[in-house]
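**Q** Below you will find the structure I want to go over with you.
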Amino acid sequence: MSAKPKVADLSDAVQDYLREIYKLQTEDGHVKTSTLAQRMGVAPPSATAMMKKLASYGLVDHELYRGVRLTRTGERIALELLRHHRLLELYLARTLDLELDAVHAEADRLEHALSETLEERIDKALGSPTQDPHGDPIPDAKLRIVQSKSKRLTELEPGEEATVLRVPDGDGDLLRYLASRALVPGQRVLLIQAEPFGGPLTLRADGRETAISRQLGEQIRVSI
């Protein structure tokens, strides 16, 4: 692939990998192949083969022992894919009242067929939103992302109250679990107690007390 590839030039599988690499990038921009394989639900050799293909397209660079990182072209395409996906999630949630656990899977199916014209119309109809239903930032038309100031739920002190900003997407069972405990974006939550030595967190949300694991609390972002 000699010329710079566009979204339409890439297979659905390549698009999915680019989007997940962007989401998995660490502070130095690298993603280990084993981590990516686990996220994609494939064997490590399959992920390695895809990384070689992405590198041949000029979409990722590979560094021994550090993993892969997106090139500028790869990052631009990944951001475009995220914009498609997250706009679709919000559109489905607002217009069809789909629950949090359903919008991710539906957007996965639709994003590959979304034209730029329809993307623009959806963005306009939604008022150029900046966050999807899970609280993740939506890249704007110029593929810029504005990150909201937030902290992990585990960083709260007992007695401190905050608003849920972001919850992990992609796992329908987990999202249904969080919704059943009112741990959804926009909900106020109070940390009642944090057990020592990595024990569970006791919370109050929507007038109800619940306990969740510290590991899950690490994945929930909140704003004071």
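The values are calculated or read from the model by the stated rules, or taken from the named source; none is laboratory data. Values in this document were obtained by computation on a predicted structure and should not be read as measured data. Here the Cβ is made from the backbone with ideal geometry for all residues, glycine too, and neighbour counts use every protein chain on show. Note: areas computed on protein heavy atoms with side chains; ligands, DNA, RNA excluded. Shrake-Rupley method; radii C 1.70, N 1.55, O 1.52, S 1.80 Å.
**Q** How do the strands (runs of 3 or more DSSP E) wholly within the stretch 146-224 filter down when requiring 2 or more residues that are closer than 22 Å to residue 105 by Cβ: which remain?
**A** On the way: elements: 161-166, 188-194, 201-205, 208-212, 221-223.
Counting at least 2 such residues, we get 161-166.
**Q** Next up: Can you pull out every residue in the stretch 194-219 that is closer than 16 Å to residue 151 by Cβ and small (Gly, Ala, Ser)?
**A** Selection gives 194, 217.
**Q** Here's a check for you: in the stretch 115-170, which residue that is hydroxyl-bearing (Ser, Thr, Tyr) and in contact (Cβ under 8 Å) with a residue 12 or more places away in the chain is farthest from residue 187 (Cα to Cα)?
**A** Taking the stretch 115-170 and keeping what is hydroxyl-bearing (Ser, Thr, Tyr), we get 115, 117, 128, 130, 148, 150, 154, 163.
If we keep only those that are in contact (Cβ under 8 Å) with a residue 12 or more places away in the chain too, we end up with 128, 130, 148, 150, 154, 163.
Details: 128: 22, 130: 18, 148: 16, 150: 14, 154: 16, 163: 6 Å.
Among those residues, the one meeting the criterion is 128.
**Q** When both residues are 6+ apart or on different chains and their Cβ atoms are under 7 Å apart, which pairs have a first residue that lies in the stretch 196-221 and is without any contact (Cβ under 8 Å) to a residue 12 or more places away in the chain, and a second that is among the small types (Gly, Ala, Ser)?
**A** Pairs that qualify, where the first residue is without any contact (Cβ under 8 Å) to a residue 12 or more places away in the chain and the partner is among the small types (Gly, Ala, Ser), are 202/211.
**Q** Can I ask one more? Can you tell me which of 22, 65, 17 is more than 14 Å from residue 112 (Cα to Cα), open to solvent by 10 Å² or more (accessible area, probe 1.4 Å) and touching a helix residue (DSSP H, G or I) at 6+ places or on another chain (Cβ under 6 Å)?
**A** Values: 65 fails: touching a helix residue (DSSP H, G or I) at 6+ places or on another chain (Cβ under 6 Å); 17 fails: more than 14 Å from residue 112 (Cα to Cα).
Every option except 22 fails the conditions.
**Q** Given the condition modelled with pLDDT under 95, small (Gly, Ala, Ser) and within 25 Å of residue 174 (Cα to Cα), answer yes or no: does some residue in the stretch 62-72 qualify?
**A** no
**Q** Determine whether the stretch 186-196 contains at least one residue that is open to solvent by less than 30 Å² (accessible area, probe 1.4 Å) and under 26 Å from residue 93 (Cβ atoms). Talk me through it step by step, then tell me what you get.
**A** Pass one, the stretch 186-196, residues open to solvent by less than 30 Å² (accessible area, probe 1.4 Å): 189, 191.
Subsequent filtering for residues that are under 26 Å from residue 93 (Cβ atoms) retains 189.
There is at least one residue in the stretch 186-196 that is open to solvent by less than 30 Å² (accessible area, probe 1.4 Å) and under 26 Å from residue 93 (Cβ atoms).
**Q** Going through the stretch 201-224 one residue at a time, which ones are more than 23 Å from the chain's Cα centre (by Cα) and open to solvent by 60 Å² or more (accessible area, probe 1.4 Å)?
**A** Matches in the stretch 201-224: 204, 206, 207, 208, 209.
**Q** Here are the criteria: (1) farther than 25 Å from residue 172 by Cβ; (2) open to solvent by less than 60 Å² (accessible area, probe 1.4 Å). Tell me which single one residue 75 does not satisfy.
**A** Here residue 75 clears every test but (2).
**Q** Would you check which residues across the stretch 106-140 are of a type in the set (A, V, I, L, M) and exposed (fewer than 12 other Cβ atoms within 10 Å of the Cβ) and list them? Outline the logic, then answer.
**A** Keep residues of the stretch 106-140 that are of a type in the set (A, V, I, L, M), which gives 107, 110, 113-114, 118, 122, 125-126, 138.
The answer is 113, and nothing else.
**Q** Moving to a separate point now. Scan the stretch 194-207 for residues that are under 15 Å from residue 218 (Cα atoms) and in contact with a strand residue (DSSP E or B) (Cβ under 8 Å, 6 or more places away or on another chain) and jot them down.
**A** Across the stretch 194-207, the qualifying residues are 194, 195, 200, 201, 202, 203.
**Q** Another question, if that's okay. Of the residues that sit in the stretch 143-172 and are closer than 19 Å to residue 90 by Cα and among the charged types (D, E, K, R), which one is surrounded by the fewest Cβ atoms within 10 Å (Cβ to Cβ)? Steps first, answer last, please.
**A** Step one: filter the stretch 143-172 for residues closer than 19 Å to residue 90 by Cα, giving 143-148, 164-172.
Then drop every residue that is not among the charged types (D, E, K, R), which leaves 144, 166, 169, 171.
Numbers: 144: 9, 166: 19, 169: 23, 171: 14.
The selected residue is 144.
**Q** If you take just the helices (runs of 4 or more DSSP H) that sit entirely in the stretch 1-117, which of them hold at least 3 residues that are hydroxyl-bearing (Ser, Thr, Tyr)? First the steps, then the outcome.
**A** Values: elements: 12-24, 33-40, 44-56, 72-96, 100-110.
In the stretch 1-117, 33-40, 44-56, 72-96 are the helices (runs of 4 or more DSSP H) which contain 3 or more residues that are hydroxyl-bearing (Ser, Thr, Tyr).
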